[in-house]
Amino acid sequence: MHWKTRSRITSWLLGIVTIGFLLFQWAPMFTMFTLSFAGENGGTTFPMNGISLHWYQKLWEADLFDDFKPPMLRSFLLALACSATTVVLSVCAAQAMRGRFRGNGLYFYLLLLGLMAPGILVGFGFAILTRLLGIEGTWNTTAYVVHVSWALPFGFLTMLAVFNRFDPRLEEAALTLGANRVTAFRRITWPIILPGVIGTALFGFSLSYDEYARTLFTAGSDGTLPLAVMAQLDRQLTPELYAIGTLTTAMSLTVIALCAIGFWLRARALRGRPS
């Protein structure tokens, strides 16, 4: 068989495998999206028994015991705080790794411990520690710390990859021309690493927003959205949960789309800038 034919067949096979994987990944989401528009008498499976916005309306008008709006707000605020903290710590940690120092290997693996440890054990162990210290577990204190420890390794690896492709001669040129370290970072380094910073922020937000295992033991009495969803599953499964999943997925895709548009506008502005 000619090598061009083998290459063409391999490309088709890899394409089929990729499409199959994407269908396997996204088919449950499309199913959830479709069933969220079921009628008032519709269930959690097909047939839908009508098409309506009933479950979205019920989500908005929920009573005290089935109100998902407070947990959604708590999850959103917690994810924003985790995202901002992850960006700051990840940039600082990756910037420190650029300089060679004694113990940098140990420093690297210590930062990755949050990625290696099982989430349920981290949450349970941290809950025991805070109880021994007399600290009450809440979603905006203890859960926040655990979420940051979970998102930090991902952000650190992202920024490390960005800095590995960064040309340090650009900073050296700025310093040679009279800029101090702060000015060189603000005018040279920051614009170049900005796409990685936004990716790190998205990592921190998404990992925190839907985290369950680490939140279970550390959020206290005011739970986040994943805890509220799991509690609802113990009572009754309704298309209202599909409506929640559709809204959160739409929110995530909207944020990603806005970031992509921002990158496109930035690249367009740079191309139009006179040299």
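When residue 45 is tested against (1) modelled with pLDDT of 80 or more; (2) among the hydroxyl-bearing types (Ser, Thr, Tyr); (3) out of contact with any helix residue (DSSP H, G or I) (no Cβ under 7 Å at 6 or more places or on another chain), only condition (1) is not met.
Assess whether residue 18 counts as being of a type in the set (Ser, Thr, Tyr), surrounded by 10 or more Cβ atoms within 10 Å (Cβ to Cβ) and under 18 Å from residue 247 (Cα atoms). It is false that residue 18 is of a type in the set (Ser, Thr, Tyr), surrounded by 10 or more Cβ atoms within 10 Å (Cβ to Cβ) and under 18 Å from residue 247 (Cα atoms).
Any residue at all in segment 213-225 that's part of a helix (DSSP H, G or I), more than 15 Å from residue 87 (Cβ to Cβ), touching a residue at least 24 places away in the same chain (Cβ under 8 Å) and among the hydroxyl-bearing types (Ser, Thr, Tyr)? Yes, segment 213-225 contains a residue that is part of a helix (DSSP H, G or I), more than 15 Å from residue 87 (Cβ to Cβ), touching a residue at least 24 places away in the same chain (Cβ under 8 Å) and among the hydroxyl-bearing types (Ser, Thr, Tyr).
As a summary of the residue check, residue 237 satisfies the conditions (1) surrounded by fewer than 17 Cβ atoms within 10 Å (Cβ to Cβ); (2) part of a helix (DSSP H, G or I) except for the one numbered (2). For segment 137-189, which positions are under 30 Å from residue 226 (Cα atoms), small (Gly, Ala, Ser) and part of a helix (DSSP H, G or I)? Matches in segment 137-189: 143, 149, 151, 155. Of the residues making up segment 246-267, none is within 17 Å of residue 73 (Cβ to Cβ), at pLDDT 80 or above and not in a helix (DSSP H, G or I).
Among the residues of this structure, residue 30 counts as one that is under 16 Å from residue 243 (Cβ atoms) and either without any contact (Cβ under 8 Å) to a residue 12 or more places away in the chain or assigned to a loop (DSSP other than H, G, I, E, B) (or both). Of all residues in segment 103-136, those that are outside any helix (DSSP H, G or I) and either surrounded by 14 or more Cβ atoms within 10 Å (Cβ to Cβ) or aliphatic (A, V, I, L, M) (or both) total 4.
The values are calculated or read from the model by the stated rules, or taken from the named source; none is laboratory data. This one's a predicted model, so the numbers in the text were calculated from it and none came from an experiment. Note: ideal-geometry Cβ built from the backbone for every residue, glycine included; neighbour counts use all protein chains shown.
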